[in-house]
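The block underneath contains the structure these notes are about, expressed in structure tokens.
Computed from the coordinates by the stated procedures, all read-outs in this text should not be read as laboratory data. Worth saying up front: this structure is predicted, and the values here are computed from it rather than measured. As a convention, Cβ positions derive from the backbone with ideal geometry for all residues, glycine included, and neighbour counts pool all protein chains shown.
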Amino acid sequence: MEHSPWPVVERGPDGTITLAAGAGVTESVVRDLANGAAPPPPFTVRTLAPLPAVPPGERAITVDQTNHSVIAGEAVVVKWFPAPSRAPHPAPAVLAHLAGFASVAAPYAVIFWEDALVALVTAYLPGSRDGWEWCVDEAAAGRTGFASDLGRLAAELHAATAAPSATFPDPVRLPPRPDFAARAEGALREALSLTDGDDGDWLARHAGELRAELAPLAGAGRTPLIHIHGDLHVGQVLQWRGGYAVVDFDGNPTVAEAEAFQPAARDLAQLLTSLDHVGQVTVLRRSADPAATAAWVRSARSETRTAYENGLADAGRADLLDRSLLRPFEVEQECRELIYAARHLPRWRYAPMGVLRGWFA
Ligand code: ADP
Ligand code: MG
Ligand code: MG
């Protein structure tokens, strides 16, 4: 039987896989999914919910992104992974676990090539803008009213994550404390080795101060672990006519095969540092006043954190946040931003460097 076009997948000599979804492929795959047509082997499809009727047409999403998302028929988003991995991917399980949680883009299907996840198919949220747009607008205008919604959204996500489901019957785990210190030290070392020039010199001079901020991670004590989002920054929070929604449950792109169960503080730390990054973006792209923007960052961070803590308390889950982890995780995250910039997006380096230079001025 002739198949309509599906992506071209190639296996390299080292076993790595690459995927290319050329023009028209997304539209064709979505049509097959909607019609229930069998995918061409070795593709397989796991359906999570029936697809709606999808009109013809496709257009690529063009914002900064790690993968390659394409909108089909203004109804469905297919996120193709250009470098699919055979390692277990967190998204299918966490999306199934969060089935009743309203503030995500509804998942429809998961596509595999052999055992590698190659695409996630979700509902398109019309008219949405991600936080690198909407939150930068708020910063440029000096408004922080969004912060109560943002903090509450993160708390609701964590409370939903902490509720048992068939996928995760024991969603809150309390193992002996994992080696957070070694993971953070690894990130610092990698950031030091990947960052060159003046920025690299500055980092090397401040490595001692950065290590001192990471030191509390070596302390003993258990902390509850949940299946965190793993890459929770404002760019993953879409503002659309239905409110806010969280997308992109791929985990942190700088941590290979990260353990998905982590302290809630990791997501909150990343979300808060992303407000610092919004400040950097706003000064650079909107020529905003640096002092006024720094004041906005302080307020936005503090209001987001308060709303998060209140949201957790209202859900009866204040136990999920171990505050002692927040600052060290923020510092680790800034190292990860430098790693991400070095590996994927060199022009991003100014943002984490601006934040670090501000913190350790
Ligand atoms: P990546 O892993 O490549 O970062 P994301 O899942 O974050 O992929 O999607 C990339 C971008 O596509 C988002 O920042 C957002 O702008 C847009 N996007 C993602 N999902 C949706 C959706 N369901 N509806 C509308 N836009 C979306
Ligand atoms: Mg991602
Ligand atoms: Mg993303």
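Here are the numbers for this structure:
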{"quantity": "Global size of region 208-336 as Cα Rg and Dmax, reported in angstrom", "calculated": "15.5, 46"}
{"quantity": "Share of Cα-Cα pairs in region 206-269 lying beyond 17 Å, as whole percent", "calculated": "56"}
{"quantity": "Estimated dipole of the chain in Debye, rounded to 20 [Cβ of Lys and Arg +1, of Asp and Glu -1, Cα centre]", "calculated": "400"}
{"quantity": "Paramagnetic reach from D322 in region 217-249 [backbone N under 13 Å; point 7 Å along Cα→Cβ]", "calculated": "217-226"}
{"quantity": "Chain lengthening between A102 and A37 when straightened (0.36 nm per residue, less Cα-Cα)", "calculated": "20.5 nm"}
{"quantity": "Three-way shape label, region 8-123, alpha-carbon gyration tensor, a/c 1.5", "calculated": "rounded"}
{"quantity": "Footprinting exposure proxy for V172, V76 (fewest neighbouring C-beta atoms within 10 Å first)", "calculated": "V172, V76"}
{"quantity": "Segment E74-R86, extension gain: residue separation times 0.36 nm, minus the distance between their alpha carbons", "calculated": "1.3 nm"}
{"quantity": "Projected label distance in nm at N310 and V255, using a 7 Å step from Cα toward the beta-carbon", "calculated": "2.9"}
{"quantity": "Residue order, fewest to most surrounding Cβ atoms within 10 angstrom, among T161, T223, T44", "calculated": "T44, T223, T161"}
{"quantity": "Cα gyration tensor shape of region 136-281, rounded if a/c is under 1.5, else prolate or oblate by comparing a/b with b/c", "calculated": "oblate"}
{"quantity": "For the chain, the Rg and Dmax computed from alpha carbons only, in angstrom", "calculated": "20.7, 66"}
